[in-house]
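Comments concern the structure below.
A short reminder: the numbers here are calculations on the coordinates, not readings from a lab. This is a predicted model, so every value here is computed, not measured. Cβ atoms come from the backbone with ideal geometry, glycine included; neighbour counts cover every protein chain shown.
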Amino acid sequence: MRVTWWGHSTAWIEDSGTGLLTDPVLTGRLAHLRRMAGPAPRLPGAPDAILLSHLHADHFHCASLRAVPGNPLLIVPKGAREFTARALGREAAGRCVELAPGEQTEVGAVRVRAVPARHDGTRGPWSRDRAMAVGFVVEGQARAWYAGDTGLFDEMSDLGPLDLALIPVGGWGPTLGAHGHLDARDGAEALRRVKASWAVPVHYGTLWPIGMGRVRRHMFDEPGARFAEFAAQAAPDSRVRVLAHGETLDLGAAA
């Protein structure tokens, strides 16, 4: 298994010849947010499927989804097909596979299973669009957990052991609500619970509000390294790789 991090929650996972793309944000700007680090994502081709964890615009980004090449499956949380039809059209909705926690689907040579996430499932505070938030476990030659957005929850311990965990450890602004999110310390606790051999921190160091580049910049730059420090104490049997934007971790080469 290989994973390339393209910033925020966008990662390319390749296992057994199957390519999966998580929550793609491929643009330099998203509403009031600007990409502040790393190159624009350069996908190696058309993915076989896109894993969409929930409806928030920094995860279900319609402009980026339209820009993804090919006609990949859209693996979405239960209840998201209706929003997909309105936002992206009937053709895209026809490629949707809705999953609730515990449900799974096959994509090429891998199995994708939806797992719980503790996070708000609405599109936004003024939207009536709602679908449950989920994470995903990908099983091929290796087992990987993509958490999406989540706070800590008891069932995390049931997900492991894993070969790889992609764990959110920050946010996109100078404040991070405790409900439904992990910071660097809680991310390390999540790693302890899931017992992953390798962990990659995500959901930090990419997007920041326009005009606020100097406001609490440590919350932009530091979460990945801080996660690695906390993980060394909370989960000493796990190895953490803090990836630069566009960098790849090859589990086979790293073993």
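Things to note:
- In order along the range 54-69, the Karplus-derived 3J(HN,Hα) couplings, from 6.51 cos²θ - 1.76 cosθ + 1.60 at θ = phi - 60°, round to 6, 8, 4, 5, 7, 10, 9, 9, 4, 4, 5, 4, 5, 7, 5, x Hz, and Gly and Pro are given as x.
- Distant-in-sequence amide contacts of residue 99, defined by a placed amide H-H separation under 5 Å and a gap of 5 or more residues or a different chain, comprise 76, 78.
- Restricting the calculation to Cα atoms, the range 90-162 shows an Rg/Rh of 1.01 when the hydrodynamic-style radius is the Kirkwood one.
- Charged neighbours of residue 28, selected by a Cβ distance under 9 Å, balance to +3 (K, R count +1; D, E count -1).
- Most simply put, the chain has about 60% antiparallel DSSP beta bridges, counting only bridges with both residues inside it.
- Averaging Cα coordinates gives a centre for the range 18-87 and one for the range 167-238; these two points are 21 Å apart.
- For residue 207, neighbours were defined as the other residues whose beta-carbon sits under 10 Å from its Cβ, and their charges (Lys and Arg +1, Asp and Glu -1) total +2.
- Label zone at residue 46 (point 7 Å along Cα-to-Cβ), backbone N below 17 Å, the range 78-106: 91-97
- Selection of trypsin sites (Lys or Arg not before Pro), the range 1-43, meeting DSSP coil and at most 14 other Cβ within 10 Å: 42
- Prolate/oblate/rounded call for the range 184-255, Cα gyration tensor, a/c under 1.5 rounded: oblate
- Cut-off 12 Å between beta-carbons: net charge of the residues surrounding residue 75, Lys and Arg +1, Asp and Glu -1: 0
- Across the alpha-carbon atoms of the range 124-255, the computed radius of gyration and Dmax are 15.1, 47 angstrom.
- Rounded if a/c under 1.5, otherwise prolate or oblate - the range 22-93, Cα gyration tensor axes: oblate
- The chain: proportion of alpha-carbon pairs further apart than 26 angstrom, %: 32 percent
- Rg/Rg_globular for the range 1-48, with Rg_globular taken as 2.2 N^0.38 Å and Rg from C-alpha atoms: 1.20
- Here the Karplus relation 6.51 cos²θ - 1.76 cosθ + 1.60, evaluated at θ = phi - 60°, turns the backbone of the range 152-162 into coupling constants of 5, 8, 4, 6, 3, 5, 7, 7, x, x, 10 Hz, with x for every Gly and Pro.
- Of all beta bridges that DSSP places with both ends in the range 136-205, some 30 percent have antiparallel geometry.
- Each peptide in 197-205, 147-155 gets a packing score, the mean of other Cβ atoms within 10 Å over its residues, and the list from highest to lowest is 197-205, 147-155.
- Angstrom value of the Kirkwood radius, inverse mean 1/r, which spans all Cα pairs in the range 214-255: 12.1 Å
- Efficiency of FRET from Cβ geometry, residue 212 and residue 253, R₀ 35 Å, rounded to 0.05: 0.35
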